[in-house]
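What follows is a short report on a single structure.
No value in this document is a laboratory result; all are computed from the given coordinates. Every value quoted in this text rests on a predicted model; they were computed, and no experiment measured them. For neighbour counting, all protein chains shown are included, and Cβ atoms are generated from backbone atoms with ideal geometry for every residue, glycine included.
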Amino acid sequence: MKRTGAWLTVYALEQIGARFTFGIPGVHTTELYDALNNSNRITQVLVTHEGGASFMADAVGRLSDSIGVLTVVPAAGLTHAASGIGEAFLDGVPMLVLSGGPRTDTGHRYQLHQMDTHKFMSGLTKATFRVTSHAEVVPTLFKAYEIATSGEPGPVFVELPVNILLLTDEVSDLPQFQPPAAPRVEAASDVARAAELLARARHPCIFAGWGTRRHCRTDPAGRTAGSAGGDDAAGLVGVSRQPSAACRIRLRCVGRPGGAERIQEL
């Protein structure tokens, strides 16, 4: 079957469960936005500046089970989005940074928005990829998602040249995404010891970081502190660890001006 690279990109994003993309369409990404417009599972959010788009994608990665996806043009689009990408990288927030790229089928250099985007992105992301054929589109995006969400999460950059997005080519099959098994945390004795210390403490408190986010829905960190009559605190990253109403707790945010006195309801 023949498919455009734009169609394959949307297919891969739907497979990994992406629900939103953020960005501004441009000459390198028009075909991608047309394909996204035909998706009934992904909502495009158009912005007035790529910097805003990158922080929106960061928020999705922090507060939901879906990954934030940035869709921008190369060069100027990426440089404008750099602050939000860098914030996600420093805080360990998963993000897919997708950009178009100059044509690779003409042999011409010095094309519109041509720069070494991979050198630029290498300091702001966990990995960078350049797709060189239609057959690579889906596997590359699956790999980028795996890297972005595994270990310490972070942004991953994928360049999709405009000729691959625009033109059709034969694709032998459409692989199904198989999410990796959730890593087991072998810390039963540590958890029991912590619970014992909290139960005996005169003023118990839990300082929760980003790592508690994955376990919030099944075992909120605040439940132990609350049952012990204590309090709960978090750093600037851990403050976003409880995205659902089921995990609503009173949270003191440490690390921002006035944070020690400020109580937030999540």
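Tabulated values for the structure
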{"item": "Region 86-142: projected area of the alpha-carbon convex hull, averaged over directions, in nm²", "result": "4.6 nm²"}
{"item": "FRET efficiency, THR106 to ARG184 (Cβ-Cβ, R0 45 Å, nearest 0.05)", "result": "0.35"}
{"item": "Cα→Cβ-extended label distance, 7 Å offset, between LYS143 and THR79, nm", "result": "2.9 nm"}
{"item": "Size descriptor, Kirkwood hydrodynamic radius, that averages inverse alpha-carbon separations across region 93-188, Å", "result": "15.0 Å"}
{"item": "Whether region 31-86 is rounded, prolate or oblate, judged on the alpha carbon gyration tensor where a/c under 1.5 counts as rounded", "result": "oblate"}
{"item": "Neighbour-count ranking [beta-carbon atoms within 10 angstrom, fewest first] of THR30, THR128", "result": "THR30, THR128"}
{"item": "Reduced Cα scattering model of region 1-147, Debye log10 I(q)/I(0), q = 0.14, 0.16, 0.18, 0.19 Å⁻¹", "result": "-0.61, -0.82, -1.07, -1.21"}
{"item": "Neighbour-count order for MET121, MET56, MET1, fewest beta carbons within 10 angstrom listed first", "result": "MET1, MET56, MET121"}
